[in-house]
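Enquirer: The structure under discussion is supplied below as structure tokens; questions concerning it will follow.
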Amino acid sequence: MGKKSELERVSDRAEGLVRVTNVRIRELGREVEGLHAALGEIQATFDRIRNVPTEEVLECQRLKEVRLEWRRQAERIERDFKTARARNVGQGMAGAGLGVAVAAMGPTVAMGVATTFGVASTGTAISALSGAAATNAALAWLGGGALAIGGGGMAAGEAFLAMAGPAGWAIAGAALVGSAALFLKSRGERKRLNRIFVLVGERDIKSYKLAIVEIEERIKRIWSETRLLRNANVDIQAFGTDYETMSELQQYALGSYVNLMNSSTQLLVNPILGLQPKYTEDDFEMFVAGISDERRIAHYRKCRRLIVMLANLLYRVYINESDRKLLWKSLKCNDELLYACGLEKRDFDLAVVNAAIAGLSHKYRR
């Protein structure tokens with residue numbers, strides 16, 4: 001076996017961190033399962049109390065709906081993962097197609113993934129990808145992104161879209177450079193393209209390390225709040241079932257426990273920030289809103305999905321004009337990428353790469 005290139009070594013490190021992060025997500029799922037159960041128990045106790053002030057009843061109902069949507073999201077992730085797995089088994093690709101670290105998914109892991117990607121306070125699922133379902137994001141992330149190139153696991157379109165998410169570009173970089181080598185005749189160009197993806201990989205390695213710390217901190221907080229909820233539930237049961245007969249101190253405590261339910265619910269539904277995309281379709285819409293040229297707007301909207309993907313690729317990766325052209329030249333030859341974005345080669349011009357960079361500048365004012 002020959003000596004690995006710098007890009008291959010970076011990709012290996014990124015893939016290793018994806019494995020570690022998946023282990024942490026399993027642990028997160030176990031703790032989340034306990035937290036969800038404790039919230040259900042205290043909610044049931046609260047529901048048995050009569051004459052509770054309307055505002056507290058409404059708040060509890062809102063929290064219940066948020067948790068219900070979170071649970072539905074977890075169930076969708078589990079269901080879609082199993083569907084994809086069954087399809088891959090039929091194609092003889094179960095191992096290659098379903099993940100670097102997770103080859104099967106049960107309710108606990110699905111709960112961890114749902115928390116990783118999060119739901120909004122309104123209960124609306126936050127997609128970890130632009131233009132793709134949150135479940136596709138979860139499947140792609142659990143697969144580590146590398147399977148995006150090999151054709152295993154998901155359709156090419158979904159797989160390439162995964163690269164806009166928290167994992168994908170760094171690990172797939174070596175394969176992308178390899179495919180581009182057919183079109184980049186110059187050794188110097190291939191070396192420069194390698195360097196671009198090394199920078200991407202180094203950035204993502206830092207992101208994974210921070211995300212692992214963030215997940216570990218979330219696990220500690222969930223464990224602590226689960227204990228608090230169970231103790232609070234014991235207290236509430238001793239208060240009786242009529243709010244009006246409770247002492248003022250008990251009524252005050254009941255209100256504080258509603259606040260505890262709120263903070264605990266946020267631990268369920270708030271995403272792991274380190275694994276969120278750095279550029280979303282909402283960011284894209286804000287960017288094009290400031291453009292007056294209708295032809296440019298129409299072109300950018302047609303290439304919206306690709307622009308969002310490229311913006312996530314190039315976040316905190318600074319390349320000069322010459323390297324922008326090189327990146328465009330290499331990706332333009334990738335038919336699967338264009339197909340995933342619903343584009344033809346004539347649609348993907350250098351202006352699309354420049355738009356992604358301009359969009360990042362607009363969001364981060366750099």
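Enquirer: If I ask for residues that are surrounded by 13 or more Cβ atoms within 10 Å (Cβ to Cβ) and within 26 Å of the chain's Cα centre (by Cα), which ones from region 287-300 would you list?
Expert: F287, V288, Y300
Enquirer: Mind checking which pairs have a first residue in region 333-359 that is free of Cβ contacts under 8 Å to residues at least 40 places away in the same chain and over 17 Å from V288 (Cβ atoms) and a second that is basic (K, R) and crowded, with 22+ Cβ neighbours inside 10 Å, Cβ under 8 Å, 6 or more apart or different chains?
Expert: Going by the 8 Å Cβ cut-off, the qualifying pairs are G342/R305.
Enquirer: From the list Y318, Y252, exactly one residue is closer than 30 Å to R190 by Cα, aromatic (F, W, Y), surrounded by fewer than 16 Cβ atoms within 10 Å (Cβ to Cβ) and at pLDDT 90 or above. Which is it?
Expert: One residue alone meets the criteria, Y318.
Results for (1) on the phi > 0 side of the Ramachandran plot; (2) charged (D, E, K, R); (3) at pLDDT below 85; (4) not in a helix (DSSP H, G or I), shown as yes or no for each residue.
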site: A14; (1), (2), (3), (4): no, no, yes, no
site: L58; (1), (2), (3), (4): no, no, no, no
site: G92; (1), (2), (3), (4): yes, no, yes, yes
site: T115; (1), (2), (3), (4): no, no, no, no
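Enquirer: Only helices (runs of 4 or more DSSP H) wholly contained in region 186-292 count here; list those with 1 or more residues that are on the phi < 0 side of the Ramachandran plot and small (G, A, S).
Expert: Passing ranges, in order: 187-238, 248-269.
Enquirer: With the structure loaded, tell me whether G16 is assigned by TED's automatic domain parsing to the domain that holds L254, in contact with a Gly (Cβ under 6 Å, 6 or more places away or on another chain), under 29 Å from R203 (Cα atoms) and not β-branched (V, I, T) or whether it fails that test.
Expert: no
Enquirer: Right, here's the next one. Just to verify a result, which residue in region 224-239, among those that are β-branched (V, I, T) and buried (at least 18 other Cβ atoms within 10 Å of the Cβ), is nearest to Q251 (Cα to Cα)?
Expert: I236
Enquirer: Kindly indicate whether R304 is over 20 Å from R203 (Cβ atoms) and surrounded by 17 or more Cβ atoms within 10 Å (Cβ to Cβ).
Expert: yes
Enquirer: In addition: If S292 satisfies every condition in (1) of a type in the set (S, T, N, Q); (2) modelled with pLDDT of 90 or more; (3) under 27 Å from E214 (Cα atoms) but one, which is the exception?
Expert: It fails just one condition, (3).
Enquirer: Could I ask something else about it? For region 333-355, how many residues meet the condition of being closer than 16 Å to F197 by Cβ and surrounded by 21 or more Cβ atoms within 10 Å (Cβ to Cβ)?
Expert: 2
The values are calculated or read from the model by the stated rules, or taken from the named source; none is laboratory data. Note that the structure is a prediction, hence the values are computed from the model and not measured. As a convention, Cβ positions derive from the backbone with ideal geometry for all residues, glycine included, and neighbour counts pool all protein chains shown.
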